[in-house]
Amino acid sequence: MSVAGAWRTRRQRYALVGEICPDCHRHIFPPRDVCPHCSQPAGPLHTLSGRGEVYSFTRMHHAPKGFEQQRPYAVALVKLDEGPMVTAQLTDVDLQEIHIGMRVEMVTRKLKEEGEEGQILYGYKFRPLMATGD
Amino acid sequence: MRGVSIVGIGQIPVGEHWDQSIRHLAYGAVSAAMQDANIDRADALYVGNMLSGILLGQEHLATLIADFCGLRGIEAAKVEAACASGAAALRMGYLAVASGLHDVVLVAGVEKMTDTPSGSTTAALATAADAEYESAHGVTFVGLNALIMQRYMYEYDVPMEAFAGFSINAHRNGAHNPYAMFQRPIDLETYRNAPMVAEPINMMDSSPICDGAAAVVLVPTDRAREFVTGHHRGPVRILASASATDMLAIHDRRDPLFLEAAHLSSQKAYLQAGVGPEEIDFFELHDAFTIMSALSLEATGFARRGEGWRMATEEEIGIRGRLPITTMGGLKSRGHPVGATGVYQVVEAVLQLTGQAGENQVPDARIGMTQNIGGSGATIITHILAT
């Protein structure tokens with residue numbers, strides 16, 4: 001990702017800042033100009049809770065360039081409690097214990113290092129929901 | 001609108017062509033198609049390609065190919081729609097002839113994927129997904145399909161080996177296709193022993209990284225007979241050409257287990273052609289991964305939701321089955337040079353419809369359907385062809 005691109009999307013990656021559609025009242029992530037549900041102009045920013053459950057997952061044995069060091073790692077589709085689904089890595093978890101329906105919460109982690117000269121990209125991953133803090 | 005027919009086809013063997021550059025690959029297919037149609041000139045050349053810029057540092061590709069093929073002065077442009085680039089280029093050619101603007105159009109699909117290390121090629125393929133919200137998280141293209149397959153198996157209680165039949169069928173057919181990358185059959189044991197790529201997708205669920213090129217020549221149907229030479233049984237008409245999209249990212253789809261764009265484009269195609277799924281004699285579907293075969297069959301009206309995997313048997317999808325699919329090996333065995341795949345599918349459909357499919361000839365093949373998928377299902381282009 002370009003430096004400008006990483007800067008533009010920082011609020012999404014660091015804090016799951018999305019929107020609520022003023023017309024259909026559904027949560028949207030990431031923010032868009034047009035609501036994907038009702039096609040009306042999308043609404044004010046809203047920070048998602050970061051909690052949800054695993055809708056699906058995969059354990060990656062082959063990694064794309066820039067992610068080789070992290071292998072093997074798990075990527076999931078996480079269905080957030082407010083409705084939107086996100087694609088993200090799972091972390092702080094035994095890869096064999098991941099299952100569909102597992103409750104998870106967002107944490108901030110290093111996503112990718114782009115080499116000596118490049119930036120270090122941080123963003124959301126999800127870990128099993130801690131018992132405390134509810 | 002005029003009717004559009006295919007009067008020439010060309011293809012090169014799919015494989016790892018380290019001795020040939022992308023221009024040579026394209027020339028092989030374009031020259032064969034021109035020879036087949038007995039033409040030395042065309043009004044335009046549309047090239048389907050996904051990765052020439054990112055992998056080869058070569059854009060302006062169609063002009064380079066026109067130049068290299070001796071077509072100086074011709075209109076030329078590259079068409080890109082990820083893995084559906086080939087069918088997108090075909091549709092561009094179809095529109096150009098149907099509209100009456102052009103009479104003779106060349107359509108080529110070409111991809112060169114083996115000049116770069118596999119990690120770079122894998123990362124390049126992932127550009128079909130949302131760069132900021134999918135690929136940035138380290139998910140590959142295989143990974144995205146694995147997310148769909150895992151959920152499918154969970155929701156419909158499907159065992160993993162249920163998908164093996166799609167690969168076995170593809171390889172059984174590819175074994176008799178001289179242009180296929182893997183010309184050998186596999187069995188259930190091969191599938192069971194295949195290493196994992198992104199669970200639950202193993203190597204035998206996946207199509208390979210490879211090089212290839214295919215081309216066709218399009219003309220108005222009312223002029224098709226002028227171009228058809230002795231070795232053809234006849235020209236092949238394009239009865240329908242339809243394209244549709246879905247949300248780019250899987251996580252934004254209404255239902256990640258339903259290929260809405262396949263449903264929309266196939267319904268448009270059925271309507272345009274005036275046929276239904278029951279009249280399709282064979283179906284060249286986009287088996288980049290076995291899960292895509294199941295989902296394609298469901299979304300295009302051949303299987304109920306959650307039951308596409310039940311068709312993975314020889315009785316259903318074999319050459320003499322109820323609905324033969326991937327009749328020349330499909331993406332799995334013929335290979336998946338991404339931007340070329342959509343044109344290979346059509347070349348193979350023409351072979352079937354003109355009785356040139358050899359050992360793999362589908363008996364009495366009169367109407368064939370091809371379907372090319374871009375990304376994890378976000379662009380899906382359907383063509384229906386007939387003699």
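Of all residue pairs spaced 6 or more apart or on separate chains, those with beta-carbon atoms under 9 Å, a first member in region B:187-202 that is away from chain A (no Cβ under 14 Å) and a second member that is hydroxyl-bearing (Ser, Thr, Tyr) are B:Thr190/B:Ser167; B:Tyr191/B:Ser167.
Would you confirm, using the coordinates I've provided, whether B:Thr354 is in contact with a strand residue (DSSP E or B) (Cβ under 9 Å, 6 or more places away or on another chain) and crowded, with 24+ Cβ neighbours inside 10 Å? Answer is no for this residue. Given the condition in contact (Cβ under 8 Å) with a residue 24 or more places away in the chain, touching a Leu at 6+ places or on another chain (Cβ under 8 Å) and assigned to a loop (DSSP other than H, G, I, E, B), answer yes or no: does some residue in region B:249-256 qualify? The answer is yes, given that some residue of region B:249-256 is in contact (Cβ under 8 Å) with a residue 24 or more places away in the chain, touching a Leu at 6+ places or on another chain (Cβ under 8 Å) and assigned to a loop (DSSP other than H, G, I, E, B). B:Leu239 meets each of the listed conditions (1) within 14 Å of chain A (Cβ to nearest Cβ); (2) buried (at least 18 other Cβ atoms within 10 Å of the Cβ) apart from (1).
From the list A:Thr87, A:Thr58, A:Thr108, which residue is under 17 Å from A:Met1 (Cβ atoms), at the interface with chain B (Cβ under 8 Å from one of its Cβ atoms) and either hydroxyl-bearing (Ser, Thr, Tyr) or in contact with a Ser or Thr (Cβ under 6 Å, 6 or more places away or on another chain) (or both)? Steps first, please.
Details: A:Thr58 fails: under 17 Å from A:Met1 (Cβ atoms); A:Thr108 fails: at the interface with chain B (Cβ under 8 Å from one of its Cβ atoms).
Residue meeting the stated conditions: A:Thr87.
Kindly establish whether B:Arg305 is out of contact with any helix residue (DSSP H, G or I) (no Cβ under 7 Å at 6 or more places or on another chain), farther than 21 Å from B:His383 by Cβ and surrounded by fewer than 24 Cβ atoms within 10 Å (Cβ to Cβ).
Details: out of contact with any helix residue (DSSP H, G or I) (no Cβ under 7 Å at 6 or more places or on another chain): no; farther than 21 Å from B:His383 by Cβ: yes; surrounded by fewer than 24 Cβ atoms within 10 Å (Cβ to Cβ): yes.
In short, no.
One line per residue, one yes/no per condition, for (1) buried (at least 24 other Cβ atoms within 10 Å of the Cβ); (2) acidic (Asp, Glu); (3) touching a Cys at 6+ places or on another chain (Cβ under 7 Å):
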{"position": "B:Arg72", "(1), (2), (3)": "no, no, no"}
{"position": "B:Glu75", "(1), (2), (3)": "no, yes, no"}
{"position": "B:Ala98", "(1), (2), (3)": "no, no, no"}
{"position": "B:Val104", "(1), (2), (3)": "no, no, no"}
{"position": "B:Lys112", "(1), (2), (3)": "yes, no, no"}
{"position": "B:Asp115", "(1), (2), (3)": "no, yes, no"}
{"position": "B:Ala128", "(1), (2), (3)": "yes, no, yes"}
{"position": "B:Ala131", "(1), (2), (3)": "no, no, no"}
{"position": "B:Glu134", "(1), (2), (3)": "yes, yes, no"}
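Scanning region B:131-143 for residues that are touching a residue at least 40 places away in the same chain (Cβ under 8 Å) and either in the same structural domain as B:Ser85 (by TED's automatic domain parsing) or touching a strand residue (DSSP E or B) at 6+ places or on another chain (Cβ under 8 Å) (or both) turns up B:Tyr133, B:Glu134, B:Thr140, B:Val142, B:Gly143. Of all the criteria given as (1) on the phi > 0 side of the Ramachandran plot; (2) crowded, with 24+ Cβ neighbours inside 10 Å, the one not satisfied by B:Gly57 is (2).
Residues in region B:150-165 that are more than 8 Å from chain A (Cβ to nearest Cβ) and within 20 Å of B:Gly375 (Cα to Cα): 1 in all.
For region B:207-223, enumerate the residues that are polar (S, T, N, Q) and in contact with a helix residue (DSSP H, G or I) (Cβ under 6 Å, 6 or more places away or on another chain). Quick ask: steps written out before the conclusion?
Kept after step one, since they are polar (S, T, N, Q), are these residues of region B:207-223: B:207, B:221.
Hit for region B:207-223 is B:Ser207, nothing else.
Looking only at helices (runs of 4 or more DSSP H) that fall completely inside region B:274-382, which ones have 2 or more residues that are over 21 Å from B:Lys112 (Cα atoms) and among the aliphatic types (A, V, I, L, M)?
On the way: elements: B:290-299, B:314-317, B:330-333, B:338-353.
Result: B:290-299, B:338-353.
Given the condition surrounded by fewer than 19 Cβ atoms within 10 Å (Cβ to Cβ) and either within 9 Å of chain B (Cβ to nearest Cβ) or on the phi > 0 side of the Ramachandran plot (or both), answer yes or no: does some residue in region A:9-21 qualify? No, because not a single residue in region A:9-21 is surrounded by fewer than 19 Cβ atoms within 10 Å (Cβ to Cβ) and either within 9 Å of chain B (Cβ to nearest Cβ) or on the phi > 0 side of the Ramachandran plot (or both).
Can you tell me which of B:Pro256, B:Pro220, B:Pro277, B:Pro208 is of a type outside the set (Asp, Glu), over 18 Å from the mean Cα position of the chain (by Cα) and closer than 30 Å to A:Glu68 by Cβ? Before you say what the answer is, go through the steps one by one.
Working: B:Pro220 fails: closer than 30 Å to A:Glu68 by Cβ; B:Pro277 fails: closer than 30 Å to A:Glu68 by Cβ; B:Pro208 fails: over 18 Å from the mean Cα position of the chain (by Cα).
Matching residue, one of B:Pro256, B:Pro220, B:Pro277, B:Pro208: B:Pro256.
Looking at region A:25-41 only, could you name the residues that are within 18 Å of B:Glu132 (Cβ to Cβ) and within 13 Å of another protein chain (Cβ to nearest Cβ)? Result: A:Ile28, A:Phe29, A:Pro30, A:Pro31, A:Arg32, A:Val34, A:Pro36. The one condition from (1) closer than 29 Å to B:Trp18 by Cβ; (2) of a type in the set (A, V, I, L, M, F, W, C); (3) more than 14 Å from every other protein chain (Cβ to nearest Cβ) that B:Ala98 does not meet is (1).
Filter region A:61-84 down to the residues that are more than 8 Å from chain B (Cβ to nearest Cβ) and buried (at least 20 other Cβ atoms within 10 Å of the Cβ), then identify the one that is farthest from B:Leu125 (Cα to Cα). Even if it seems obvious, please write down each step before you answer.
Within region A:61-84, the subset more than 8 Å from chain B (Cβ to nearest Cβ) is A:69, A:71-72, A:74, A:78-83.
Subsequent filtering for residues that are buried (at least 20 other Cβ atoms within 10 Å of the Cβ) retains A:74, A:78, A:80.
On the way: A:Ala74: 19, A:Val78: 23, A:Leu80: 27 Å.
Ranking the qualifying residues of region A:61-84, first place goes to A:Leu80.
The values are calculated or read from the model by the stated rules, or taken from the named source; none is laboratory data. Predicted, not measured: the structure shown is a model, and the values here were computed from it. FYI the Cβ positions are ideal-geometry reconstructions off the backbone, even for glycines, and counts take in every protein chain you see.
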